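**Student:** Below is a structure I'd like to ask you about.
The values are calculated or read from the model by the stated rules, or taken from the named source; none is laboratory data. Keep in mind it's a predicted model, so treat the numbers as computed, not measured. Reconstructed Cβ throughout: ideal geometry from the backbone, glycine too, with neighbour counts over all protein chains shown. Just so you know, the surface numbers come from the protein's heavy atoms only, side chains and all, with ligands and any DNA or RNA stripped out. Shrake-Rupley method; radii C 1.70, N 1.55, O 1.52, S 1.80 Å.
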Amino acid sequence: MKIKTRLNIVTILSIGSVIGLYLYLWFSTFQVDQHFEQIDQISDFTNTVSELNLVIENYLEYREQRHLESWNALFNRLTEYEENIEDLSETNVIGNSLSSIESAFELIEKIRGNPDAYPDIIDRYRLLDRATSRIRSDIQMLLTISNNIATNRRQTIREIQVSQQINFLMIMIPVVSFLGYLLYQLRSRIQSSLNILLEGTQEIAKGNLDLRIEVEGNDEHKTLAENFNLMTRRLQEQINKERDAREKAEENQKRWEGLVEQDPNLVMIHIDGDIQFINPAGAQMMGATSPDEVVGKSADNFFLETEHQRRREASITRNGKDEYSPTIRKVYGLDMNERFVQIESVPIKYFGREATQTVGLDITEHIHHERELKKSIEEKTILLQEVHHRVKNNLAVTSGLLYMQRVSTDNPEITSLLGESERRIKTMTLIHELLYSSTDLSSIPIDEYILNLVGLIQKSLDPNENIRVNTNADSFSINVTQAVPCALILNELISNSYKHAFKHGETGTIDIKITQNNDNVEFTVRDNGAGIPEEILNDEKNTSLGLTIVKTLIRQVEGTFDIRNNDGTIAKIKFKKEANAKTTSNSL
C-alpha cells in the first residue's frame, strides 16, 4: 500500500472519529438541555402551586374579587404545565390533584356565593372545612410531586453525564489506539525506507555508482529508489562518456601539440591575452629559446600595433565562420629583434574555456624585400618622370625650331604646313607634360587632356575666340599606347573644324563629346560650319593629309572612323580601350 493511501486512511479515520464524537456530544448535550428545561418548568410549576396556595388562603379569608382572578390565572398556568410533564404516572397524579382542587374551590365558591342553598350551618361549615382541607392536601401533593420530578430529572442528568464520559472513553480509546497503530506503522515504514535511501546516497556520494538501492514494498519510496537507481546508472554512463571524451581530447591534444611543435610557423593559444600555449617556432619568433619563457605572459607585450591597425581591427566584423581577417603585426621579441608576422585568429574552446587560437607566418624578409622593391619603384618612377620631362623638352625644342622656320619664310603654304607640324608636336608634348606631373605614368586622364588640347588649338587658330567650343567628356583614363594616336586624331579633327568649317572672322560652334560604355570608347567632333566638300568625302585615294593621318592612326588603335555632313561636319571614332587604364564614372 502506498504511503499516500495510508495517510488518506488515517486522515479519513481521524475526520470520521472527530465528526462521530461531535455528533455524540451534540446528542448528549441536547438530552441534558431537555432535562434542564423540564427542571426549569417544574420549578415554575412549584412556584405557581405555592402562589395558588397563597391566593386560596387569601380568598378564603378576605373573599376579594382580585383573589378570584388570580386563582383563575394561576390555575390555567398549572394546567399548561401539566401538559409538558412527560412522566405519565406523575401527569395523572397532577391531573387528578388539579381536578380535585378545582372541584373543591368551586364548592367553596358556591357555598360562599349562595349560602342559602345550605341552610344547615353545621353542614355548611363541615363542607367548607372538608373542601379547604382537600385543597391544602392536593397542593401539598403537587409540591411533593414537583420536588420528586425535579430530583428525578437531576438524577437523570447525572446519569447521562456519566454515560457520556464512559461512551467517550469507549469510543476514543479504540479509535486513538487504531490511529496510533497506523501512524506507528507508517512512521516505521518511512523511517526504514529513508534509512535505506540515506545509506545508499552516502555510498553513491563516496563514488560507488555501481550500488543499487533496494526498497521493499510498492509505495513511493520504492518508486523513488528505482528512479534514483536509474539516475545513478545514467550518471555513470554520462561519466563514462565524459571520461572517454576527455581521454580522446587529451589524446588529440597530445597529437595536436606534437604536430604544431614541428610546425615552422607560429601557433599560439591565449585566454584574455595571456598565452596558454605556444609552439617552439612561435617561441623563437618571440625571441625565446623555449616555450616556457613565453607561456603565462601577455601577448600584447610582444605584438605591437599601430594606430592604423587599431582602427582597422576595430572595424573588422566576424564572418560566417567566426574568423578574424589576417593582419600584419610588428613583434619585438625577448632578444630585442624586430620581426613582422602575419597572424590570423579564430575563437576556440581550450579545456572548456573560451580562448583564441592565433597562427602566424614570419614575413620579415618579405617586408624587407617589399620595402626595397618599393624604394626601387620610387627610383624608377623618378627616372621615368625625368624621361618624360626630357622628351617634353626635346619636343618643345623641335616645336621651337619649327616655329622659327615658320616665321622666317614668306611662303603661305610652307607656313601652314609648318604650323600643322608644330601643333602635332605640341599635342604629343601635352601628353608627356601630363605624365610628368602625374603620379600614374601609365595612363592619361582624357577629360583633363581634352581641355588642354582645345586651349592649345584655340590659342593657335582662333586667338579672338570667335568659335565656341563645348566639351562633354566622361572622366576616365587611357594608357599611353592609345593616348598618343587618340590625341593626334583629336588634334586633326578639331584643327580641320577651325580651318575649313568657318571662314576667317565667322562665328560658330564646335561640340566635342567623349563617352565610355564599359570598355568601348567613342569620340565625336561636330561643328555647324560649311561642311566638307563631297569630293574630299568621296576621295578614296586620301589626297587630304589630315584625313590620311586620322585613318592611319585609327588602324593603330584598331578602331572605326565615320565622317559625314549633317548641318556641318560630324566625325565619329570608336575603339576598344585596353584594360590597364583606370576608369571612373564622372563626366564633365
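**Student:** If a/c stays under 1.5 just call it rounded; otherwise compare a/b with b/c (prolate if a/b is bigger, oblate if not). Do that for the range 323-367, with a ≥ b ≥ c from the square roots of the Cα gyration tensor eigenvalues. Can you show the working numbers first?
**Tutor:** Details: a/c = 3.93, a/b = 1.85, b/c = 2.13.
Oblate, since a/c reaches 1.5 and b/c is not below a/b.
**Student:** Fully extended, how many nm does the chain gain between Met404 and Ser298 (0.36 nm per residue separation, minus their Cα-Cα distance)? Intermediate results must be reported in sequence, preceding the final value.
**Tutor:** Working: separation 106, 0.36 × 106 = 38.16 nm, distance 7.67 nm.
The Met404-Ser298 span can extend by a further 30.5 nm.
**Student:** Rounded to the nearest Å, what's the spacing between the alpha carbon centres of the range 262-281 and the range 196-253? Just the number, please.
**Tutor:** 40 Å
**Student:** Scan around Gly529 for amide H atoms under 5 Å from its own, H built in the peptide plane at 1.01 Å from N, and keep only partners 5 or more places away or cross-chain.
**Tutor:** Distant-sequence amide H within range of Gly529: Thr569.
**Student:** A further question follows. Karplus couplings for the range 445-450 from phi (6.51 cos²θ - 1.76 cosθ + 1.60, θ = phi - 60°), rounded to Hz, Gly and Pro as x?
**Tutor:** Running phi through 6.51 cos²θ - 1.76 cosθ + 1.60 with θ = phi - 60° gives x, 5, 5, 5, 5, 5 Hz.
**Student:** Between their Cα atoms, which of Lys206/Lys349; Lys551/Lys572; Lys499/Lys576 are more than 22 Å away from each other? Mind showing how you got there, number by number?
**Tutor:** Working: Lys206/Lys349 31 Å; Lys551/Lys572 12 Å; Lys499/Lys576 30 Å.
From the list (Lys206/Lys349; Lys551/Lys572; Lys499/Lys576), the Cα-Cα distance tops 22 Å for Lys206/Lys349; Lys499/Lys576.
**Student:** Now for a different question. For the range 92-133, what is the accessible area per residue in Å² when the probe is 1.4 Å? Could you put the intermediate results ahead of the total?
**Tutor:** Working: 2470 Å² over 42 residues.
Accessible area per residue, the range 92-133: 59 Å².
**Student:** Output wanted: per-residue J couplings in Hz (rounded whole) for the range 286-292, from phi through Karplus 6.51 cos²θ - 1.76 cosθ + 1.60, θ = phi - 60°, x for Gly and Pro.
**Tutor:** Each residue's phi maps through the Karplus curve to give 7, x, 9, 8, 8, x, 4 Hz.
**Student:** What whole-number value in Å² describes the accessible area per residue of the range 480-540 for a 1.4 Å probe?
**Tutor:** Numbers: 2970 Å² over 61 residues.
With the other protein chains kept in place, the range 480-540 gives 49 Å² per residue.
**Student:** If I take the Cα coordinates of the range 142-260 and project them onto the principal axes, what are the three extents in Å, biggest first?
**Tutor:** 128, 26, 20
**Student:** For an R0 of 60 angstrom, estimate the FRET efficiency from the Cβ-Cβ distance between Arg158 and Glu237 and round to the nearest 0.05.
**Tutor:** Working: r = 77 Å, r/R0 = 1.29.
The calculated FRET efficiency here is 0.20.
**Student:** Report the equivalent ellipsoid semi-axes for the range 72-191 in whole Å, largest first, defined as the square roots of five times the eigenvalues of the gyration tensor built from alpha carbon atoms. Numbers along the way, then the final one.
**Tutor:** Working: eigenvalues 812, 26, 11 Å².
In descending order the semi-axes read 64, 11, 7 Å.
**Student:** Per residue, what accessible area does the range 188-242 have, given a 1.4 Å probe and all protein chains present, in Å²? Mind dumping the intermediate values first?
**Tutor:** Working: 3650 Å² over 55 residues.
Here the per-residue accessible area is 66 Å².
**Student:** Ordering Val346, Val521 from largest to smallest accessible area (1.4 angstrom probe), what's the sequence? Before the final figure, lay out the partial values.
**Tutor:** Details: Val346 40, Val521 5 Å².
So, going from the largest accessible area down, we get Val346, Val521.
**Student:** To continue, here is another question. Residue by residue, what Karplus-based ³J(HN,Hα) values in Hz, rounded to whole numbers, does the range 477-490 have, using 6.51, -1.76 and 1.60 with θ = phi - 60° and x for Gly and Pro?
**Tutor:** Each residue of the range 477-490 in turn: 10, 10, 6, 5, 4, 8, 5, 5, x, 5, 5, 5, 5, 4 Hz.
**Student:** Next question. Leaving out ligands, DNA and RNA but keeping every protein chain, what accessible area does Phe277 have, in Å² rounded to the nearest 10, with a 1.4 Å probe?
**Tutor:** In the full protein context, Phe277 sits at about 20 Å².
**Student:** Two decimals is fine: what is log10 I(q)/I(0) at q = 0.20, 0.27, 0.29, 0.31 Å⁻¹ for the range 172-211, from a Debye sum with one equal scatterer on every Cα and no solvent?
**Tutor:** -0.63, -0.81, -0.85, -0.90
**Student:** What does the extension gain come out to for Ile536 and Asn72, with contour length at 0.36 nm per residue minus their alpha carbon separation? Please report the intermediate quantities before stating the final value.
**Tutor:** Numbers: separation 464, 0.36 × 464 = 167.04 nm, distance 17.08 nm.
Using 0.36 nm per residue and subtracting the Cα-Cα distance, I get 150.0 nm.
**Student:** Leaving out ligands, DNA and RNA, and with a 1.4 Å probe, what % of the accessible surface on the range 199-283 is carbon or sulfur?
**Tutor:** Numbers: 2540 of 5450 Å².
Carbon and sulfur: 47 percent of the exposed surface of the range 199-283.
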